[in-house]
Amino acid sequence: MKLIARSLLVSLLAMPAVSVPANDAAVAAPLLWMRDRSLTASANALLAEMRDAEKYGLRSRDYAAGTLAQRAASLTPEAGDDTRAALDRDISDAVARFVTHLHSGRISPRAVGHDLDVPHGELDSAVAVRALAQSQSPLEVLADYEPAFHHYDLLRAALSHYRALAGGPQPAPLPASGRPSVRPGENYAGMASLRARLVQLGDLESSALGQSGDWLDAVTSMALVRFQVRHRLDVDGALGRATLDALNVPISMRVRQIEFALERSRWLPSRLASPPIIVNIPQFELFAFRTTEDREADILIMDVVVGKVFPQNNTPVFVSDMRQVVLRPYWDVPRSILVDELLPQMKANPNWVANSGFEIVRGQGDDGAVVPQSTESVAALARNELRLRQKPGPRNALGNAKFLFPNRYNVYLHDTPSQGAFAQARRAASHGCVRVVDPPALARHVLRNNAEWTPERIDAAMNAETGTRITLAQPIRVFLIYATALALEDGRVLFFEDIYHHDERLEKVW
């Protein structure tokens with residue numbers, strides 16, 4: 001498909017410009033969308049597509065395609081050239097807007113506080129309009145401007161399915177049970193509605209609708225497990241408060257989540273130049289691509305812990321290039337943690353630094369001079385004249401590895417000795433950095449182009465007494481993104497809690 005669009009664009013760019021003699025007002029530029037006072041096939045196809053823009057997660061009213069079609073239909077034989085030219089220009093403007101929205105989104109990421117300035121490839125909307133107008137297959141050319149991701153296509157299919165669900169009959173809202181949780185074998189007055197909702201969402205076979213009884217049976221409990229897995233809830237097969245709330249979310253809101261996920265896909269490069277690493281913050285998952293194709297079999301997937309829901313601890317949305325890996329790293333304590341959490345402990349305990357595995361140092365490098373804890377050195381720390389770091393070892397907050405991609409937030413990926421949060425469904429527990437569950441696997445992945453760094457050598461360095469800083473042979477693009485819906489290759493659609501309220505912010509500017 002890319003070749004179709006490219007060949008069209010090349011031929012169009014090579015065409016000589018149409019010149020209009022300054023002294024001949026009767027000679028006008030040729031119309032793109034009309035022939036013999038009627039719309040061309042390309043115009044009709046694109047106007048129909050814009051009238052159905054909702055299937056892309058866009059808004060048909062942004063393009064006024066219905067109005068444009070009505071204007072064309074109402075043209076009389078007496079309509080002047082100026083009238084037809086004005087209509088032709090308005091169709092071009094609408095098509096240009098539609099292509100731009102498909103290519104890079106309706107809303108700028110900056111409008112919702114995201115640092116996602118990424119190259120989208122050259123999009124000359126005027127050239128795109130001419131290519132679409134002169135193509136015999138304009139919808140095929142149009143598709144080439146969309147993100148070339150398999151999971152984008154899966155999301156579009158999911159959007160169609162959930163729109164159909166939203167337009168159909170809706171089960172009654174599930175009533176509260178009056179207790180913390182309804183467990184398998186216990187009675188629940190809303191069992192009929194529960195089964196109907198689970199059937200509607202595809203987590204329960206329709207044959208279960210004929211089942212009688214107000215108790216939570218094993219089949220329905222397993223359907224709840226499937227629902228809980230899809231919604232990143234604690235998996236217990238019971239009807240607790242969080243599961244009940246998620247089941248009662250209107251389908252229209254799930255539609256909106258998919259629409260926003262499609263929009264956020266368009267904020268990314270339309271095609272990947274090299275295999276990236278992507279962290280989806282509300283999903284609490286990392287995806288390390290082995291190729292530029294987003295097929296699940298070619299992706300290393302692992303759990304992560306992201307920043308707490310407090311605004312000052314939110315993991316930011318941004319893009320950067322990973323350039324270094326540090327094995328057995330020091331942890332340079334961020335200023336906020338030093339001031340808010342550690343300085344009070346040092347002032348209360350003159351031996352706190354030595355007993356806790358920390359060091360007070362001068363300078364910024366790993367070879368900075370160590371300064372003993374004293375009233376004076378603690379005061380210098382408070383004045384930001386010295387810095388505090390934690391030595392490599394089993395208690396180090398960064399564990400045995402950190403993965404560095406320069407950014408203004410001082411955020412990076414790292415190991416951790418605190419594994420408890422990985423057992424939770426909702427993994428928002430850090431100060432903003434991203435903790436990974438399997439740092440050796442990630443280290444092997446990011447160092448795969450550094451031939452001298454074999455898995456055995458990596459394992460040895462991760463257990464050495466001193467640290468090792470490694471520059472990657474090829475930088476790796478890292479995207480920290482935020483999408484609360486994801487469609488999988490097996491047909492499931494996952495939904496995640498809007499933990500940082502970014503969907504709410506996007507709704508306000510949508």
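Positive end of the dipole of the chain, charges at C-beta (+1 Lys, Arg; -1 Asp, Glu), about the Cα centre: which of Val95, His150, Asn407 has its Cα farthest in that direction?
Asn407
What percentage of all Cα-Cα pairs in region 41-118 are separated by more than 13 Å?
When all Cα pairs of region 41-118 are counted, 70 percent exceed 13 Å.
Once the Cα gyration tensor of region 144-231 is diagonalised, what are the square roots of 5 times its eigenvalues, in whole Å and ordered largest first, as equivalent ellipsoid semi-axes? Don't skip to the end; give the middle numbers.
Values: eigenvalues 197, 39, 27 Å².
After scaling each eigenvalue by five and taking roots: 31, 14, 12 Å.
Please give the net charge around Ala461, taking every other residue with its beta carbon less than 11 angstrom from that of Ala461, where Lys and Arg add +1 and Asp and Glu add -1.
On the way: positive: Arg328, Arg457, Arg469; negative: Glu456, Asp459, Glu465.
Net charge in that neighbourhood comes out at 0.
Based on Cβ point charges of +1 for Lys and Arg and -1 for Asp and Glu, what charge dipole magnitude is obtained for the chain about its Cα centre, in debye rounded to the nearest 20? Kindly include the intermediate steps, with their values, before the conclusion.
On the way: 56 positive and 58 negative charges, 148 e Å.
Dipole about the Cα centre, nearest 20: 720 debye.
What is the fewest-to-most order of Phe149, Phe496, Phe358 by other Cβ atoms lying within 10 Å of their Cβ? Mind dumping the intermediate values first?
Values: Phe149 17, Phe496 24, Phe358 21.
Sorted ascending by nearby Cβ count, the order is Phe149, Phe358, Phe496.
Mind checking region 385-438 for trypsin sites (Lys or Arg not before Pro) that DSSP puts in a loop (not H, G, I, E or B) and that have at most 15 other Cβ atoms within 10 Å?
Numbers: sites: Arg387, Arg389, Arg395, Lys402, Arg408, Arg426, Arg427, Arg435; in loops: Arg395, Arg408, Arg426, Arg427.
When the trypsin sites (Lys or Arg not before Pro) of region 385-438 are filtered for loop state and at most 15 Cβ neighbours within 10 Å, Arg395, Arg408 remain.
Name the shape class, rounded, prolate or oblate, that the alpha-carbon gyration tensor gives for region 181-249, where a ≥ b ≥ c are the square roots of its eigenvalues, rounded holds for a/c under 1.5, and otherwise prolate holds if a/b is larger than b/c and oblate otherwise.
Numbers: a/c = 1.57, a/b = 1.21, b/c = 1.29.
Because a/c hits 1.5 or more and a/b fails to exceed b/c, region 181-249 counts as oblate.
Using Cα atoms only, what is the angle between the long axis of helix 81-104 and the major principal axis of the chain, expressed in degrees (0 to 90) to the nearest 10?
20
Can you check what the net charge comes to around Ile301, using other residues whose Cβ is under 15 Å from the Cβ of Ile301 (Lys, Arg +1; Asp, Glu -1)?
Values: positive: Arg232, Arg290, Arg295, Arg427, Arg444, Arg492; negative: Glu285, Glu293, Asp294, Glu296, Asp298, Asp303, Asp438, Glu489, Asp490.
Local charge sum for Ile301: -3.
Let me check against my output: what whole-number percent is the relative contact order of the chain, with C-alpha pairs under 8 Å and at least 6 apart?
Reported as a whole number, the value is 17 percent.
Using alpha-carbon pairs under 8 Å, 6+ residues apart, how would you state the relative contact order of region 332-391 in percent? Write out the running numbers ahead of the final one.
On the way: 71 pairs, mean separation 24.2, N = 60.
Worked out over region 332-391, it gives 40 percent.
Given [x] 22.8, 72; [y] 28.6, 94; [z] 25.2, 82, which label gives Rg and Dmax of the Cα atoms in Å as computed from the coordinates?
So the structure-derived entry is [y].
Just want the ordering: His501, His231, from fewest to most Cβ atoms lying within 10 Å of their own Cβ. Walk me through the numbers before you get to the answer.
Values: His501 12, His231 20.
Fewest to most other Cβ atoms nearby, the residues stand as His501, His231.
Would you please name the GluC sites (Glu not before Pro) within region 443-510 that are DSSP coil residues with at most 15 other C-beta atoms within 10 Å of their C-beta? Walk me through the numbers on the way to the answer.
Details: sites: Glu452, Glu456, Glu465, Glu489, Glu497, Glu504, Glu507; in loops: Glu452, Glu465, Glu489, Glu497.
Listed in order of number, the matching sites are Glu452, Glu465, Glu489.
Arranged by the count of other C-beta atoms within 10 angstrom, fewest first, what order do Lys391, Lys508, Lys55 take?
The most exposed by this proxy come first: Lys508, Lys55, Lys391.
Before rounding to the nearest 500, sum -39500 (n - 2.57) across all DSSP H runs of length at least 4 in the chain and divide by the residue total; then give [θ] at 222 nm in deg cm²/dmol. Mind dumping the intermediate values first?
Values: 17 runs with 179 residues, N = 510.
Computed mean residue ellipticity for the chain: -10500 deg cm²/dmol.
Net charge near Ala421: determine it from the other residues with C-beta under 10 Å of the C-beta of Ala421, scoring Lys and Arg +1 and Asp and Glu -1.
Values: positive: Arg426, Arg427, Arg435; negative: Asp303.
Every neighbour counted, the sum reads +2.
Just report the Cα centroid separation between region 419-490 and region 112-143, whole Å.
34
Pick out, in residue order, every one of the GluC sites (Glu not before Pro) in region 121-194 that is DSSP loop and has at most 16 other C-beta atoms within 10 Å; say none if there are none. Before the final figure, lay out the partial values.
On the way: sites: Glu122, Glu140, Glu186; in loops: Glu122, Glu186.
For GluC sites (Glu not before Pro) across region 121-194 that sit outside H, G, I, E and B with at most 16 neighbouring Cβ atoms in 10 Å, the list reads Glu122, Glu186.
What percent do you get for the relative contact order of region 345-450 when only Cα pairs under 8 Å and 6+ apart count?
Details: 126 pairs, mean separation 18.4, N = 106.
Relative contact order, region 345-450: 17 percent.
Each reported figure results from applying straightforward, stated rules to the coordinates on display, with no laboratory input. The model shown is predicted, which means the values in this text are computed figures rather than measured ones. Here the Cβ is made from the backbone with ideal geometry for all residues, glycine too, and neighbour counts use every protein chain on show.
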